[in-house]
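*Asks:* Below you will find the structure I want to go over with you.
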Amino acid sequence: MTQNDRAMRETSRRETATGSTRDMSFGLEEALDGELPRETVERMRRHTDDCPECADEWERLRRLKELVRRSCADRAPSDLRARIADTCRTITVTTTSTSTTTEADGSTVRVTRSTTTRRTLPPA
C-alpha cells in the first residue's frame, strides 16, 4: 500500500466518522455536550469502535468534562466566599503628583508623591 493509499483510507475513515474530511476531534466537545445531531454523534461513536486513538481521546475528554462539572458543582468554603466578597466591595484609589525643580547648581530634582485611599463598601 502506497503512502497515497494510506492517506486516502484515513480521509475516508474521517469522512465516515464525521461527515467531513476534518479530524474527528473537531466536533468532539460539541458531541459530548449534546450540541451535534444524534446521527453525527452515532457516526463518531461507531468510528471510535474501530479507532483506539479516537476512542482514547473521546474517553479522556468525557472524563475531563465530568471532572469540571463536579468541580463546578462544589461550593467554596464560607470564609473564602466572604474574603472574595470583601475584595469585590473594596475600592482603592491612588493619586500621584510629580513636581520638578531646578537647583542653583543646574541639577534637577523630581519629587513624586502618591496617596492611596482604600474604602470598603458595606455588604449589600
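Just so it is clear, none of the values below were taken in a lab; they were calculated from the coordinates. Note that the structure is predicted; figures quoted are calculated from it, not measured. Don't worry about glycine lacking a Cβ; one is built from the backbone with ideal geometry, like all the others, and counts go over all protein chains shown.
Yes or no, residue by residue, for (1) basic (Lys, Arg); (2) more than 30 Å from Pro122 (Cβ to Cβ); (3) surrounded by 11 or more Cβ atoms within 10 Å (Cβ to Cβ); (4) without any contact (Cβ under 8 Å) to a residue 24 or more places away in the chain:
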{"position": "Asp50", "(1), (2), (3), (4)": "no, yes, yes, no"}
{"position": "Val68", "(1), (2), (3), (4)": "no, yes, no, yes"}
{"position": "Ala76", "(1), (2), (3), (4)": "no, no, no, yes"}
{"position": "Asp79", "(1), (2), (3), (4)": "no, no, no, yes"}
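*Asks:* Consider only pairs whose beta carbons are under 8 Å apart and that are at least six residues apart or on different chains; among these, list those whose first residue lies in the stretch 96-124 and is touching a residue at least 24 places away in the same chain (Cβ under 8 Å) and of a type in the set (A, V, I, L, M, F, W, C) and whose second residue is surrounded by 10 or more Cβ atoms within 10 Å (Cβ to Cβ) and not in a strand (DSSP E or B).
*Replies:* From residues that are touching a residue at least 24 places away in the same chain (Cβ under 8 Å) and of a type in the set (A, V, I, L, M, F, W, C), the pairs are Leu121/Arg89.
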